[in-house]
Amino acid sequence: MENELNYGQQGRVIDLSGSFSVLMRNVYMWMFFGLLMTAFTSLLLMRNVGLMYSIAANPVLFWGLIIAEFVLVLILSARIHKMSFLTAGIMFAAYAILNGVNMSFIVAMYTAASVAQVFFITAGTFGGMCLLGYVTKKDLSTMGRTLYMLLIGLIIATVVNIFLKSSGFAMILNYVGVIIFVGLTAYDTQKIKNMLQEASVMGVSDQTNKLALLGSLTLYLDFINLFIYLLRIFGSRRD
């Protein structure tokens, strides 16, 4: 029992086990909230075909949305500790909405049935790897570093294939992407677990909640990328 308790700066007893549980629950709650906002935004936009065509027909607007999404996630990841929790939460929500806009153009290329099927495949795979990363006693740090190096290589190869336009090479990259994000899901879960266990000595506060929000952003990105690569492999394109 005493291993689960610690004393705060003013003699306040902090339940480390309880604080950690709350923070981990917040990670998945906020991640689910982000995914829900992304899905809802995509669905709304896909129901407004005229608006989608307007965005796609305007290169400045189309690429501006992509760049804005990229810049937003960079700022949130790099400066979250200097923001208020409210500001960080608003930025996370804004990122999820922007991502929903951009995801709608990808999802719209596939049939609704195959999108639903791939979503459940993604959810099952993601959940299994989260559980593995949470319960395993093996240190996944080395695997994580390797996967991040492979991710850099994947990004470079994807850019190169924009010019090569090789469908065979693109399919190989899709399988590599699945492997990378399956592994990263387990690694990131373990990393977040360890980070929040250390942070739980401070109890549940704005500072520790920002760490949990950062963790939710990481897992959100793992889920979205895994979904995209699986969709490219198993999705059925519309006629």
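The values are calculated or read from the model by the stated rules, or taken from the named source; none is laboratory data. Quantities reported herein were computed from a predicted structural model and do not represent experimental measurements. Glycine gets a Cβ as well: all are built from the backbone with ideal geometry, and neighbour counts include every protein chain shown.
Please pick out the residue among G183, G133 that is touching a Lys or Arg at 6+ places or on another chain (Cβ under 9 Å), buried (at least 16 other Cβ atoms within 10 Å of the Cβ) and either closer than 25 Å to F92 by Cα or without any contact (Cβ under 8 Å) to a residue 60 or more places away in the chain (or both). Steps first, answer last, please.
Details: G183 fails: touching a Lys or Arg at 6+ places or on another chain (Cβ under 9 Å).
Step by step, each of G183, G133 is checked, and only G133 is touching a Lys or Arg at 6+ places or on another chain (Cβ under 9 Å), buried (at least 16 other Cβ atoms within 10 Å of the Cβ) and either closer than 25 Å to F92 by Cα or without any contact (Cβ under 8 Å) to a residue 60 or more places away in the chain (or both).
Kindly check whether there is at least one residue in segment 78-89 that is surrounded by 15 or more Cβ atoms within 10 Å (Cβ to Cβ), among the hydrophobic types (A, V, I, L, M, F, W, C) and over 27 Å from T189 (Cα atoms). Step through it out loud before you land on a result.
Of segment 78-89, the ones surrounded by 15 or more Cβ atoms within 10 Å (Cβ to Cβ) are 80, 83, 85, 88-89.
From what is left, the residues that are among the hydrophobic types (A, V, I, L, M, F, W, C) are 80, 83, 85, 88.
Checking the rest, the ones that are also over 27 Å from T189 (Cα atoms) come to none.
Within segment 78-89, not a single residue is surrounded by 15 or more Cβ atoms within 10 Å (Cβ to Cβ), among the hydrophobic types (A, V, I, L, M, F, W, C) and over 27 Å from T189 (Cα atoms).
Any idea how many residues of segment 39-55 are over 25 Å from V118 (Cα atoms) and surrounded by fewer than 16 Cβ atoms within 10 Å (Cβ to Cβ)?
From segment 39-55, those over 25 Å from V118 (Cα atoms) are 50-51, 53-55; that's our starting set.
Remaining after also requiring surrounded by fewer than 16 Cβ atoms within 10 Å (Cβ to Cβ): 50-51, 53-54.
Final tally of qualifying residues: 4.
Taken as a whole, segment 157-171 holds at least one residue that is more than 19 Å from L184 (Cα to Cα) and outside any helix (DSSP H, G or I).
Does N174 fit the bill of being modelled with pLDDT of 95 or more, in contact with an Asp or Glu (Cβ under 8 Å, 6 or more places away or on another chain) and of a type outside the set (A, V, I, L, M)? When the stated conditions are applied, N174 does not pass them. Residues in segment 15-50 that are farther than 15 Å from V107 by Cβ, modelled with pLDDT under 90 and among the hydrophobic types (A, V, I, L, M, F, W, C): L16, F20. Scanning segment 49-69 for residues that are under 15 Å from Y95 (Cα atoms) and either in contact (Cβ under 8 Å) with a residue 12 or more places away in the chain or in contact with a Phe, Trp or Tyr (Cβ under 8 Å, 6 or more places away or on another chain) (or both) yields a count of 4.
Given the criteria under 17 Å from the mean Cα position of the chain (by Cα) and hydroxyl-bearing (S, T, Y), does T146 qualify? For T146, the condition - under 17 Å from the mean Cα position of the chain (by Cα) and hydroxyl-bearing (S, T, Y) - is not met.
Scanning segment 204-219 turns up no residue that is over 21 Å from F92 (Cβ atoms), assigned to a helix (DSSP H, G or I) and either within 18 Å of the chain's Cα centre (by Cα) or not charged (D, E, K, R) (or both). Scanning segment 97-122 for residues that are more than 19 Å from L51 (Cα to Cα) and either in contact (Cβ under 8 Å) with a residue 60 or more places away in the chain or in a loop (DSSP other than H, G, I, E, B) (or both) yields T111, A113, S114, V115, Q117, V118, F119, I121, T122.
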